[in-house]
Amino acid sequence: MSMRAFVITGPGKAEVREVDSPTPGAGEVIVDVERAGVCGTDVEFFTGEMSYLHTGEAEYPIRIGHEWSGVVSAVADSADESWLGRRVTGDTMLGCGRCARCLGGRQHVCADRYEIGIRNGWPGALA
């Protein structure tokens, strides 16, 4: 199954593409996105000025969308089914869950964090 997504393919270049629909991994849910914001970070990706493009923490093509909300539409086998139908917002910064920062509740500063739609390859919500 596929869906349409907004993808920035290079500085000043973007297109709508067909991409694979997500499937939830262990402990994960799928959210049908109802609203997504576009901010200055996204503009920096479009212009090519985003520092992560220059440090190797992000690369084109990239699907932006780190500010979003929606409804949980599917859960992994290992996830709590009571999440189905809940309205949720995204948490952009997902830590490794193992380091001292994560274990101390500071996953937003984890050195190995993913930033949805921004850093380390986790696609954003503009789909």
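Worth a mention:
- Filter result for Ser73 (under 17 Å from Ala125 (Cβ atoms), surrounded by fewer than 18 Cβ atoms within 10 Å (Cβ to Cβ), among the small types (Gly, Ala, Ser) and in contact with a Ser or Thr (Cβ under 6 Å, 6 or more places away or on another chain)): no
- So Val38, is it within 17 Å of Leu126 (Cα to Cα) and either surrounded by 15 or more Cβ atoms within 10 Å (Cβ to Cβ) or under 17 Å from the mean Cα position of the chain (by Cα) (or both): yes
- Residues of the stretch 74-109 that turn out to be touching an Asp or Glu at 6+ places or on another chain (Cβ under 8 Å) and aliphatic (A, V, I, L, M), as a count: 5
- Filter pass, Ile62 being modelled with pLDDT of 95 or more, under 18 Å from Ala127 (Cβ atoms) and within 13 Å of the chain's Cα centre (by Cα): yes
- Qualifying residue in the stretch 13-20 (condition: out of contact with any strand residue (DSSP E or B) (no Cβ under 9 Å at 6 or more places or on another chain), over 27 Å from Arg87 (Cβ atoms) and exposed (fewer than 12 other Cβ atoms within 10 Å of the Cβ)): no
Results for (1) in contact with a helix residue (DSSP H, G or I) (Cβ under 8 Å, 6 or more places away or on another chain); (2) over 25 Å from Val19 (Cβ atoms); (3) among the β-branched types (Val, Ile, Thr), shown as yes or no for each residue.
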residue	(1), (2), (3)
Glu67	no, no, no
Ala74	no, no, no
Cys99	no, yes, no
Gln107	yes, yes, no
Ala111	yes, yes, no
Ala125	no, no, no
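- Residue in the stretch 43-64 that is surrounded by fewer than 18 Cβ atoms within 10 Å (Cβ to Cβ), of a type in the set (Val, Ile, Thr) and touching a strand residue (DSSP E or B) at 6+ places or on another chain (Cβ under 9 Å) present: no
- For the stretch 33-88, the set of residues classified as among the polar types (S, T, N, Q) and over 28 Å from Lys13 (Cα atoms) consists of Ser73, Ser78, Ser82, listed by residue number.
- The lone exception for Gly95 - which of (1) farther than 27 Å from Pro11 by Cα; (2) without any contact (Cβ under 8 Å) to a residue 12 or more places away in the chain it fails: (2)
The values are calculated or read from the model by the stated rules, or taken from the named source; none is laboratory data. It should be emphasised that the depicted structure is a prediction, and the values quoted were computed from it without experimental measurement. Don't worry about glycine lacking a Cβ; one is built from the backbone with ideal geometry, like all the others, and counts go over all protein chains shown.
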